[in-house]
Amino acid sequence: MGAASPWIDFLGFGKSDGDSGATTVDSQLADAEAAFAALAAMERVETDRIGVLGFSLGGGVAMFLAARRPEVVKALATWASVGDSCADFLEELRQDAFAKAASDGILGVDLGWRAIALKGNHP
């Protein structure tokens, strides 16, 4: 049997519907879990041989998924991935950006290649 190789775009990213400004790591993890469950439910998929690949922030989400579901994620590969997303964002943006987001409720940040919104929970 040939290997299945589906991929997902998190809601609001790539070709998916949704608002990327509303995304969180938790919502991306929920997207990944839903996709994983859909893949595992496919008749032609050998559920004891499912691996996960994540790119960039998706790599961090893939690590969270593998940590949450070690009994079913049999292989994990990441590509240009974040490591500790809280530490990475703190190093990149500095604590004052998180403090400003906390005091104002939201802060837009231009990373140069993508704009993000800091809001809600913060380190």
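The values are calculated or read from the model by the stated rules, or taken from the named source; none is laboratory data. The shown structure was predicted, so the numbers you read here are calculated from the model rather than taken from an experiment. Every residue, glycine among them, receives a Cβ derived from its backbone with ideal geometry; neighbour counts consider all protein chains shown.
Within segment 53-64, take every residue that is more than 13 Å from Asp31 (Cβ to Cβ) and of a type in the set (A, V, I, L, M) and give me the one that is surrounded by the most Cβ atoms within 10 Å (Cβ to Cβ).
Selected residue: Met63.
Tally the residues that are within 26 Å of Asp19 (Cβ to Cβ), among the β-branched types (Val, Ile, Thr) and buried (at least 16 other Cβ atoms within 10 Å of the Cβ), restricting the search to segment 65-108.
Residues in segment 65-108 being within 26 Å of Asp19 (Cβ to Cβ), among the β-branched types (Val, Ile, Thr) and buried (at least 16 other Cβ atoms within 10 Å of the Cβ): 2 in total.
If we only count helices (runs of 4 or more DSSP H) wholly inside segment 28-110, which ones have 3 or more residues that are farther than 21 Å from Leu11 by Cβ and either among the polar types (S, T, N, Q) or out of contact with any Pro (no Cβ under 8 Å at 6 or more places or on another chain) (or both)? Let's see the steps before the verdict.
On the way: elements: 57-68, 85-93, 95-104.
Hits in segment 28-110: 85-93, 95-104.
Limited to segment 98-119, what total is found for residues that are in contact with a Leu (Cβ under 6 Å, 6 or more places away or on another chain) and of a type in the set (Gly, Ala, Ser)?
1
Can you run down the residue pairs with Cβ atoms below 6 Å, 6 or more apart or on separate chains, where the first is in segment 68-84 and of a type in the set (Gly, Ala, Ser) and the partner is in a loop (DSSP other than H, G, I, E, B)?
Ala80/Ser56
Within segment 7-27, work out how many residues are touching a helix residue (DSSP H, G or I) at 6+ places or on another chain (Cβ under 8 Å) and either part of a helix (DSSP H, G or I) or at pLDDT 90 or above (or both).
1
State all residues of segment 31-45 that are surrounded by 15 or more Cβ atoms within 10 Å (Cβ to Cβ), under 15 Å from Ser16 (Cβ atoms) and at pLDDT 90 or above; if no residue qualifies, say none.
Asp31, Ala32
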